[in-house]
Amino acid sequence: MAVYSRIAEEIAAGRKTALATVIESLDSPDLVGGKLIISEGETLYNSFEENRYDKIEAAALEQFDKGQSAAVDLHLKQDKYCRLFVHIYNPSPRLIILGGGHVGQALCKMASLLDFEIVIIDDRPSFANKTVHPEADHIICEPFEKGLDLTEPSPSDYIVIVTRGHRHDRLCLEKALSRQFAYLGMIGSKKRVKTQLKELAEAGYSIEQLESIYSPIGLPIGAVTETEIALSILAEVTRVRRSENRGEEVQEKVMRELLALENHGAPAVLATIIEARGSTPRKKGSQMIIYPDGQLIGTIGGGCAEADVRREAMLCLDRGKSELIRLDLDADAAAEQGMACGGKMEIFLELLPVQ
């Protein structure tokens, strides 16, 4: 089974997907590395013997419903114990920019550095093209209402309204409020925004709907230029994105490398953070690939922790065995390495390619 190819297919289709892997079992070491793939609450792949380890599947499905990557301790039949890590893969979020003018251009350029899939919508051909927005993944030259229908916003999407006028803003707000979203923000002066919200309230929109709108948009940093305004908007979007505790989204570079490894079968080790306590730089779900020559793809935080993981990965390659390791990077050790953080991490080192 090409595990990561199947996961990539599900993510590309915009579906939240989970990979459940047994990372530890002292009683049954043969279970370590066993996997399930779950997408939209349905098990797509199960490497365990049918009906023998149904508790593993039930626990994975339960964690999938919670929507958070986490380790789960399980007691199996005959008092057997195992530890399962359920890794939730959320599709990379979309930033839907309504308005391709100067602020929209600055937003597109800056957001390209933040792992967003960027969608530009504008009804003017002169502003809805690749020359103006080379960083955009998708450009829709249609009336704003139709453009939003074509994108079909979802709960993982971030919608930013930066159109050229009051009439367009109102149409975009009404259309967006009929959809689900992670963030909805609209540019405008306090007076203009107050008028818009009053009109929407009179039109029957609920208090909850109106309070979900971030407007005036952006963090208050005293922004003046288009670039500064874009910076303030993306700072607010990032704050919302991270405060939602969504965990790590798909690390595109790591996923591409995993797909390549499935194709050519070269040996390597996949390091996945299972637990992270304290002020560790990366959290659970972060991944890094280590090749026999020491090359690293991705990151679990850098510094001496990464060096320790690389060393342990080389030992795994020599032994031909996956294993769970624990790192304790206290504040003094971190300071000696020039790092500002410390903490404890559990990391699963898995031999690749997956058998």
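Would you confirm, using the coordinates I've provided, whether residue 18 is touching a His at 6+ places or on another chain (Cβ under 7 Å) and not polar (S, T, N, Q)? Taking the combined requirement at face value, the residue satisfies it. Out of the residues in the stretch 152-188 meeting the condition of being within 20 Å of the chain's Cα centre (by Cα) and of a type in the set (Val, Ile, Thr), tell me which one is surrounded by the fewest Cβ atoms within 10 Å (Cβ to Cβ). It comes out as 160.
Taking the stretch 108-150 as the range and being surrounded by fewer than 16 Cβ atoms within 10 Å (Cβ to Cβ), within 22 Å of residue 242 (Cα to Cα) and among the hydrophobic types (A, V, I, L, M, F, W, C) as the test, the residues that pass are 113, 114. Selection over the stretch 164-206 of residues that are among the β-branched types (Val, Ile, Thr) and either over 21 Å from residue 103 (Cα atoms) or in contact with a Leu (Cβ under 6 Å, 6 or more places away or on another chain) (or both) gives a count of 1. Looking for something touching a residue at least 40 places away in the same chain (Cβ under 8 Å) and not assigned by TED's automatic domain parsing to the domain that holds residue 15 - is there at least one such residue anywhere in the stretch 191-208? Checked against the condition, which is being touching a residue at least 40 places away in the same chain (Cβ under 8 Å) and not assigned by TED's automatic domain parsing to the domain that holds residue 15, the stretch 191-208 yields no hits at all.
Set side by side, the residues 321, 284, 253 differ, and just one is touching a Phe, Trp or Tyr at 6+ places or on another chain (Cβ under 9 Å), in contact (Cβ under 8 Å) with a residue 24 or more places away in the chain and charged (D, E, K, R), which is 284. Looking across 39, 69, 25, one residue alone is closer than 24 Å to residue 12 by Cα and in contact with a helix residue (DSSP H, G or I) (Cβ under 6 Å, 6 or more places away or on another chain). It is 39. Scanning the stretch 168-183 for residues that are assigned to a loop (DSSP other than H, G, I, E, B) and either touching a residue at least 12 places away in the same chain (Cβ under 8 Å) or over 16 Å from residue 211 (Cα atoms) (or both) returns 179, 180, 181, 182.
Of the strands (runs of 3 or more DSSP E) lying entirely inside the stretch 72-167, those containing at least 1 residues that are over 24 Å from residue 225 (Cβ atoms) and without any contact (Cβ under 8 Å) to a residue 40 or more places away in the chain span 117-122, 138-141. Residue-level analysis places residue 273 outside the set of residues that are in contact with a helix residue (DSSP H, G or I) (Cβ under 6 Å, 6 or more places away or on another chain), crowded, with 21+ Cβ neighbours inside 10 Å and of a type in the set (A, V, I, L, M). Of the strands (runs of 3 or more DSSP E) entirely within the stretch 1-69, those holding at least 2 residues that are surrounded by 19 or more Cβ atoms within 10 Å (Cβ to Cβ) and not hydroxyl-bearing (Ser, Thr, Tyr) occupy 17-24, 35-39.
The values are calculated or read from the model by the stated rules, or taken from the named source; none is laboratory data. None of these values were measured; they are calculated from a predicted model. Glycine also receives a Cβ, built like all others from the backbone with ideal geometry; neighbour counts cover every protein chain displayed.
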